[in-house]
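Reviewing the structure listed below.
The values are calculated or read from the model by the stated rules, or taken from the named source; none is laboratory data. On a predicted model such as this, the values are computed, not experimentally measured, just so you know. In this analysis, Cβ positions are derived from the backbone assuming ideal geometry, glycine residues included, and neighbour counts consider all displayed protein chains. The protein model used for the area step is the full one, side chains on, heavy atoms only, and it has no ligands, DNA or RNA in it. Shrake-Rupley method; radii C 1.70, N 1.55, O 1.52, S 1.80 Å.
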Amino acid sequence: MSVHRALCLTCLLFSIGVAPAQIPVDTVQQLDELVVTANRYKEIIPAQTLKGEEMERLNSFSVADAIRFFSGVQIKDYGGTGGLKTVNIRSMGTNQMGVFYNGIQLGNAQNGQIDLGKFSLDNMEEISLYNGQKSEIFQSAKEFGSSGSIYLSTYKPKFKDGKNTNFRAGLKTGSFDLFNPSIIYEYKISDKINTSFNAEWVNASGKYPFRYRRVRPDGELAYDTTATRQNGDIDASRMEGSVHGYLNDGLWKVHVYHYESERGIPGAIVNNVWRRGERLWDRNSFIQGVYQQELTHQLSTKVNWKYAFDYTRYVNNDDKLIHVDNIYKQREIYFSWANKYALSPDWDVSMAYDFHWNGLSEYMSISRGTHWFSAATAFSLAGSLKIQASLLGTYVDEETRKREDVIDKKELSPALFLSYQPFRKRGWIFRAFYKKSFRMPTLNDLYYTDMGNAYLLPEYADQYNAGVSCDITRNSKFLYHFHFGMDAYYNLVKDKIISYPKGQQFRWTTLNLGKVDIRGIDVTGRITFNLSDGCFLTGKLQYTCQQAIDITDPTKNYYRHQIPYIPRHSGSGIAMFTWKTWSANYSFIYVGERYNQQENIRYNYTQPWYTSDVSLAKTLMINSMKMKFSAEINNLFSQDYDVVLNYPMPKRNYRFRVSIEL
């Protein structure tokens, strides 16, 4: 997309006043009370969250980069600014993760994977990750269906007294010829309606030096490559706008999103040869809205809706392969209606219905209609024991010209969540949950050319979790805040669907794995010291120990072997120091040894990797203008590593940012 076209579309969206907003300052307190009442039980299983200044200091360029600091998460990263980045939690698989953008789930385009590298942090207010599901009952039926959920929340405008507008602009530049400007404009139309607009452009060559060394099991050197990564360029623009309206006992909002990109797909480095012929064009657009109203003191209702259109063009001009030029178009229609009723101050019930239609065209007509029905209850006993139970019914109706039969699938998925707080003033909470989940293969899994498997079986999972946490906050003490959490979990997945690239990043092989036994422990800790007035030191540690083994067939060589790309040990550490207008950050990520194929033999062994990142930031106030400067060094020790075999990651690289706020 050219700069001229991007600017034209930016002006068009701005002129019609489409943009997100928040309630004015004078009515914030009233609306906060409404939300708290609706979400009374949400802390049964608390989320891992990143927000505000902490998220800014993590040397993260995209949402995928930031999520690496959550425990239990596995990231697949194919390198560079424009490389594909997918995530799964506790080895459940990427498609078991529900990714919700401002409360409504994103569709699965391109291989059924959500590429989190597309979503910038410039307009992101908070990222939350839930194991099992979001712990509240006033939500859409579809939200009860995921094995884990990621919630992405964009900025909500906050206006100071006497101000009707806010403006923020930023520019990032650095290694790989990165040029990344962005703007956010917010406008208060009235006390009841606010708007916001956000635009961003990312351009980078994606070229970075690397050294890639491969040794055979007998110790002989297979190859040792030193070169510059090619075909990793990206030219992408993103524009978003929304309107928020507020009622006496409710709210409504409409959000518009458009993303357009052209990028190269860097090939795998194999025997000193890598392909450079693949290119990808994307256009992802959607419009979505929500209406929420408290009809009486006991009854609340919420309606969500969405229309999305995705366009993908994939070209392979590699002279050693058959020329490919395919276009894929995908449309989605989504509607949800949820209702919550308070039987008593400590007991709520809810019901919801969702409908989702998905159509895929690629030389054929494929469509799927899915209905979800949910019933849930949540109650509290003596203020210490909280219980939430839900039952989700899923009905799938699919039609395609590629097979004679029509898929007709019905499933029930129960879930039970418990939370117990024995000592209210000491911050200790014990929690546990059980959840049964089910998912159909996506249309991409089943039918995409040269990748789909039309006879994939649905995937079933049982999740068990038990944990404990402790939170202590002492605002006026040297020990400002302390948090500790530990969870032990067991997941049993039947007919697990896995996908992996077969030589080309866009074209994947998809199959059922059979049975997978997953056991693990997640540990998190956080401590903040108040060193003096305006001076804080925060440390954060996360560790995961996980065994995810294939128990499908005892006669196979890989029976009870760790499944591909799942490390037994992984973790992260963060140290943040703030003093008045200065801030410094150090972050460390470690991923232990893994295997890149089903057999855990020496030939398939993939070495552990770690990275260290540092950043320094300074904030200045010039009259009413706030300016911020930051500098980052990523992969400080210039380690050679790859997250996915044969896809080398960048060595030491740099990024600089300047932003202004009016």
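Mind checking which residues of the stretch 365-417 are among the hydroxyl-bearing types (S, T, Y), open to solvent by 50 Å² or more (accessible area, probe 1.4 Å) and modelled with pLDDT of 85 or more? Walk me through it before giving the result.
Filtering the stretch 365-417 for residues among the hydroxyl-bearing types (S, T, Y) gives 365, 367, 370, 374, 377, 380, 384, 390, 394-395, 400, 413.
This time we only want the ones that are open to solvent by 50 Å² or more (accessible area, probe 1.4 Å), so: 365, 395.
Listed by number, the list holds a single entry, Y395.
Give me the residue from the stretch 316-334 that is in a loop (DSSP other than H, G, I, E, B) and without any contact (Cβ under 8 Å) to a residue 40 or more places away in the chain and, out of that set, surrounded by the most Cβ atoms within 10 Å (Cβ to Cβ). Spell out the reasoning first.
Filtering the stretch 316-334 down to residues in a loop (DSSP other than H, G, I, E, B) leaves 317-323.
This time we only want the ones that are without any contact (Cβ under 8 Å) to a residue 40 or more places away in the chain, so: 322-323.
Details: I322: 7, H323: 10.
For the stretch 316-334, the residue satisfying everything is H323.
Does I287 count as in contact with a strand residue (DSSP E or B) (Cβ under 8 Å, 6 or more places away or on another chain), aliphatic (A, V, I, L, M) and at pLDDT below 95?
Details: in contact with a strand residue (DSSP E or B) (Cβ under 8 Å, 6 or more places away or on another chain): yes; aliphatic (A, V, I, L, M): yes; at pLDDT below 95: no.
When the stated conditions are applied, I287 does not pass them.
Yes or no, residue by residue, for (1) farther than 20 Å from R90 by Cβ; (2) at pLDDT below 85; (3) crowded, with 16+ Cβ neighbours inside 10 Å:
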position	(1), (2), (3)
L456	yes, yes, yes
Y464	no, no, no
V468	no, no, no
T473	yes, yes, no
S476	yes, yes, no
L479	yes, yes, no
H483	yes, no, yes
D487	no, no, yes
K496	no, yes, yes
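In the stretch 541-555, how many residues are within 25 Å of the chain's Cα centre (by Cα) and open to solvent by 30 Å² or more (accessible area, probe 1.4 Å)?
4
Could you say whether any residue in the stretch 613-631 is of a type in the set (V, I, T) and free of Cβ contacts under 8 Å to residues at least 24 places away in the same chain?
First, the residues of the stretch 613-631 that are of a type in the set (V, I, T): 614, 619, 622.
Checking which are free of Cβ contacts under 8 Å to residues at least 24 places away in the same chain leaves us with 622.
Yes.
Test of understanding: among F210, F167, which residue is surrounded by fewer than 15 Cβ atoms within 10 Å (Cβ to Cβ) and either aliphatic (A, V, I, L, M) or in a strand (DSSP E or B) (or both)?
F167
This table checks each residue for (1) part of a strand (DSSP E or B); (2) more than 22 Å from I660 (Cα to Cα); (3) of a type outside the set (K, R).
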{"site": "K163", "(1), (2), (3)": "no, no, no"}
{"site": "P181", "(1), (2), (3)": "yes, no, yes"}
{"site": "D218", "(1), (2), (3)": "no, yes, yes"}
{"site": "A227", "(1), (2), (3)": "yes, yes, yes"}
{"site": "G232", "(1), (2), (3)": "no, yes, yes"}
{"site": "A236", "(1), (2), (3)": "yes, yes, yes"}
{"site": "Y246", "(1), (2), (3)": "yes, yes, yes"}
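Return the residue satisfying two criteria in turn: it lies in the stretch 177-197 and is surrounded by fewer than 21 Cβ atoms within 10 Å (Cβ to Cβ) and among the β-branched types (V, I, T), and of such residues it is farthest from the chain's Cα centre (by Cα).
My answer is I189.
If you scan the stretch 627-655, which residues turn out to be assigned to a loop (DSSP other than H, G, I, E, B) and modelled with pLDDT of 85 or more?
Taking the stretch 627-655 and keeping what is assigned to a loop (DSSP other than H, G, I, E, B), we get 635-641, 643-647, 649-652.
N635, L636, F637, S638, Q639, D640, Y641, M649, P650, K651, R652 - these are the residues of the stretch 627-655 that are assigned to a loop (DSSP other than H, G, I, E, B) and modelled with pLDDT of 85 or more.
Determine, yes or no, whether I137 is assigned to a loop (DSSP other than H, G, I, E, B) and open to solvent by less than 30 Å² (accessible area, probe 1.4 Å).
yes
Among the candidates Y341, Y353, single out the residue that is hydroxyl-bearing (S, T, Y), open to solvent by 60 Å² or more (accessible area, probe 1.4 Å), part of a strand (DSSP E or B) and under 18 Å from W305 (Cβ atoms).
Numbers: Y341 fails: under 18 Å from W305 (Cβ atoms).
Residue meeting the stated conditions: Y353.
Here's a check for you: in the stretch 623-632, which residue that is surrounded by fewer than 19 Cβ atoms within 10 Å (Cβ to Cβ) and touching a strand residue (DSSP E or B) at 6+ places or on another chain (Cβ under 9 Å) is nearest to V87 (Cα to Cα)?
First pass over the stretch 623-632, keeping only residues surrounded by fewer than 19 Cβ atoms within 10 Å (Cβ to Cβ): 623-629, 631.
Pick out the ones that are also touching a strand residue (DSSP E or B) at 6+ places or on another chain (Cβ under 9 Å) and you get 625-629, 631.
Details: M625: 38, K626: 35, M627: 34, K628: 31, F629: 30, A631: 27 Å.
Taking the candidates together, the pick is A631.
Restricting the search to the stretch 561-587, which residues are more than 20 Å from A617 (Cβ to Cβ), open to solvent by 50 Å² or more (accessible area, probe 1.4 Å) and assigned to a loop (DSSP other than H, G, I, E, B)?
Passing the criteria: only R568.
I need the full set of residues from the stretch 213-257 which are closer than 30 Å to N194 by Cβ, among the acidic types (D, E) and open to solvent by 60 Å² or more (accessible area, probe 1.4 Å), in order please. If you could, list the steps in order and put the result at the bottom.
From the stretch 213-257, those closer than 30 Å to N194 by Cβ are 236-257; that's our starting set.
From what's left, among the acidic types (D, E): 240, 249.
If the condition is that a residue be closer than 30 Å to N194 by Cβ, among the acidic types (D, E) and open to solvent by 60 Å² or more (accessible area, probe 1.4 Å), then D249 is the only one that fits.
Evaluate the following for Y558: is it closer than 21 Å to T86 by Cα, open to solvent by 40 Å² or more (accessible area, probe 1.4 Å) and either at pLDDT below 85 or not in a strand (DSSP E or B) (or both)? Outline the logic, then answer.
On the way: closer than 21 Å to T86 by Cα: no; open to solvent by 40 Å² or more (accessible area, probe 1.4 Å): yes; either at pLDDT below 85 or not in a strand (DSSP E or B) (or both): yes.
The answer is no for Y558.
Can you tell me which residue in the stretch 43-63 is farthest from N123 (Cα to Cα), limited to those that are aliphatic (A, V, I, L, M) and at pLDDT 75 or above?
At the first step, the residues of the stretch 43-63 found to be aliphatic (A, V, I, L, M) are 44-45, 47, 50, 55, 58, 63.
Narrowing the set further to residues that are at pLDDT 75 or above leaves 44-45, 47, 50, 55, 63.
On the way: I44: 29, I45: 27, A47: 21, L50: 13, M55: 11, V63: 11 Å.
So, considering only residues that are aliphatic (A, V, I, L, M) and at pLDDT 75 or above, the one farthest from N123 (Cα to Cα) is I44.
Say whether the condition of being of a type in the set (V, I, T), open to solvent by less than 30 Å² (accessible area, probe 1.4 Å) and in contact with a Pro (Cβ under 8 Å, 6 or more places away or on another chain) is met by at least one residue in the stretch 143-156.
Of the residues in the stretch 143-156, the ones of a type in the set (V, I, T) are 150, 154.
With open to solvent by less than 30 Å² (accessible area, probe 1.4 Å) added as a condition, the list becomes 150, 154.
Among the residues that remain, those that are also in contact with a Pro (Cβ under 8 Å, 6 or more places away or on another chain) are: 154.
Yes, because at least one residue in the stretch 143-156 is of a type in the set (V, I, T), open to solvent by less than 30 Å² (accessible area, probe 1.4 Å) and in contact with a Pro (Cβ under 8 Å, 6 or more places away or on another chain).
Could you please let me know if F286 is of a type in the set (A, V, I, L, M, F, W, C), open to solvent by 50 Å² or more (accessible area, probe 1.4 Å) and in a strand (DSSP E or B)? Please lay out each step first, then the result.
Numbers: of a type in the set (A, V, I, L, M, F, W, C): yes; open to solvent by 50 Å² or more (accessible area, probe 1.4 Å): no; in a strand (DSSP E or B): yes.
Judged against the criteria, F286 is not a match.
Going residue by residue through the stretch 646-654, is there one that turns out to be closer than 26 Å to N123 by Cβ and basic (K, R)?
no
Looking at E200, E262, E278, which one is open to solvent by 40 Å² or more (accessible area, probe 1.4 Å), under 20 Å from D115 (Cβ atoms) and touching a residue at least 40 places away in the same chain (Cβ under 8 Å)? Write out each step before concluding.
On the way: E200 fails: open to solvent by 40 Å² or more (accessible area, probe 1.4 Å); E278 fails: open to solvent by 40 Å² or more (accessible area, probe 1.4 Å).
Exactly one residue qualifies, and that residue is E262.
Taking the stretch 483-492 as the region of interest, how many residues are in contact (Cβ under 8 Å) with a residue 40 or more places away in the chain and either farther than 17 Å from F430 by Cα or not in a strand (DSSP E or B) (or both)? Walk me through how you get there before you give the answer.
Going residue by residue through the stretch 483-492, those that are in contact (Cβ under 8 Å) with a residue 40 or more places away in the chain are 483-485, 487, 489, 491.
Still in the running and either farther than 17 Å from F430 by Cα or not in a strand (DSSP E or B) (or both): 491.
Qualifying residue count, the stretch 483-492: 1.
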